[in-house]
Amino acid sequence: LLSLNDQIAYYDVIESFKQYDLQVAEMATVKKAYDDAVADQNAKKVKLEDLNGRRKRIDIAIDIINSGLKYIFFAEGRLTIKRDGDFYKLLSNGQFVKPKNVSVGERNIIGLCYFFTKILQGKNKNTAYNDEYFIVIDDPVSSYDLENKIGILSFLKYKLSQFLGGNINTRAILMTHDLLTMFDLEKICQELQTEWDIFQKKTIYELHELKDCKLTRFQYKKRQEYTELVKLIYDYGCGRA
């Protein structure tokens, strides 16, 4: 009777059991699809967070560049950079302009601001200046930039104070073909040295000039800024300026 009962029970549940097996197999398939979808969602979420992080860093970089432009021109909105989707746009006094339509001097100023911003890419702005740097700047003030010379030199002094003051091993080389700019750069170095000496930070700078294909000590005291200005006026009067 027990054996017959087991056989009756077997035939009573056999169809339900087969259906159960099918449901288990279907559940495994659906679960795998669900797990794959969750993994894909997580991967896309990570990618989205990375892209958002990059976008935010771009926005931060633009803010730093615009801050530098404002510092140099001593004016709000004189030149600014704006992000439009994946593109950068240049504005002059609030109006969109093409880079080729602004002066060479203004393009040089944008390049200088970008240069200092690019150095800090991917670094924490609170500790970025603690790293060691070797900075080389060629002719920060050209003949195209004379109207903004004070702003450029002031900005240059400000950035050098951040980098050179952040790490004792940081070095900088500044080069120029203009003697008057050389005098100005010497004053900047002298002022920075005086400021850092107050904080007991030993700072050394040297002046050299390229003469006869070799570097020699720049004889600062034997050269007069007034004389150089007179020479510029004379050259201008002769049509050579």
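The values are calculated or read from the model by the stated rules, or taken from the named source; none is laboratory data. Everything numeric here is computed off the predicted structure, so don't read it as measured data. Cβ atoms come from the backbone with ideal geometry, glycine included; neighbour counts cover every protein chain shown. With ligands, DNA and RNA removed, areas are computed over all heavy atoms of the protein, side chains included. Shrake-Rupley method; radii C 1.70, N 1.55, O 1.52, S 1.80 Å.
Residue by residue, segment 123-131 carries 3J(HN,Hα) couplings of 10, 5, 5, 7, 10, 4, 6, 6, 6 Hz when phi is fed to the Karplus relation 6.51 cos²θ - 1.76 cosθ + 1.60 (θ = phi - 60°); x denotes Gly or Pro. Put +1 on the Cβ of each Lys and Arg and -1 on the Cβ of each Asp and Glu in the chain; which of Val230, Ile173, Ile64 then has its Cα farthest toward the positive end of the dipole? Of Val230, Ile173, Ile64, it is Val230.
For Leu2 and Ala37, what does the FRET efficiency come to when R0 = 51 Å and r is the distance between their Cβ atoms, rounded to the nearest 0.05? Rounded to the nearest 0.05, the efficiency is 0.55.
Protection proxy ranking for 97-103, 66-72, using the average of other Cβ atoms within 10 Å per residue and placing the highest first: 66-72, 97-103. Accessible area per residue for the chain, computed on protein heavy atoms with a 1.4 Å probe, is 74 Å².
Taking all protein chains in place and a 1.4 Å probe, what share, in percent, of the accessible surface of the chain do carbon and sulfur account for? Carbon and sulfur together cover 56 percent of it. Amide hydrogen proximity for Thr176: with H placed 1.01 Å from N in the peptide plane, the residues at 5 or more positions away or on another chain lying under 5 Å are Asp139. Where only DSSP H runs of four or more residues are counted, the chain gives -20500 deg cm²/dmol as its mean residue ellipticity at 222 nm, each run worth -39500 (n - 2.57).
Within segment 90-117, whose backbone N sits under 20 Å from a point 7 Å along Cα→Cβ of Ala75? What the label zone holds, given the 20 Å backbone N cut-off, is 90-114.
Residues whose amide H lies under 5 Å from that of Ile135, counting only those 5 or more places away or on a different chain, are Arg171, Ala172, Ile173; hydrogens are built 1.01 Å from N in the peptide plane. Counting only Cβ charges, +1 for Lys and Arg and -1 for Asp and Glu, the dipole size of segment 99-182 around its Cα centre is about 300 debye.
Full extension of the chain segment joining Ala9 with Trp196 gains 57.8 nm, where the gain is 0.36 nm per residue of separation less the Cα-Cα distance. Listed by chain and number, the lysines placed with their C-alpha closer than 21 angstrom to that of Lys214 are Lys222; residues fewer than eight positions away on the same chain are left out. Of the DSSP H helices in the chain, those that are both long (alpha-carbon extent of 30 Å or more along the helix axis) and hydrophobic (Kyte-Doolittle mean at least -0.5) are 2-73. About its Cα centre, the dipole of the chain is roughly 1120 debye, where the only charges are +1 on Lys and Arg Cβ and -1 on Asp and Glu Cβ. In this structure, the pairs whose alpha-carbon distance is over 22 Å, taken from Lys123/Lys159; Lys70/Lys149; Lys125/Lys157; Lys98/Lys123, are Lys98/Lys123. Residue ranges 117-123, 46-52, 106-112 sort as 106-112, 117-123, 46-52 when ordered by packing (mean number of other C-beta atoms within 10 Å per residue, highest first).
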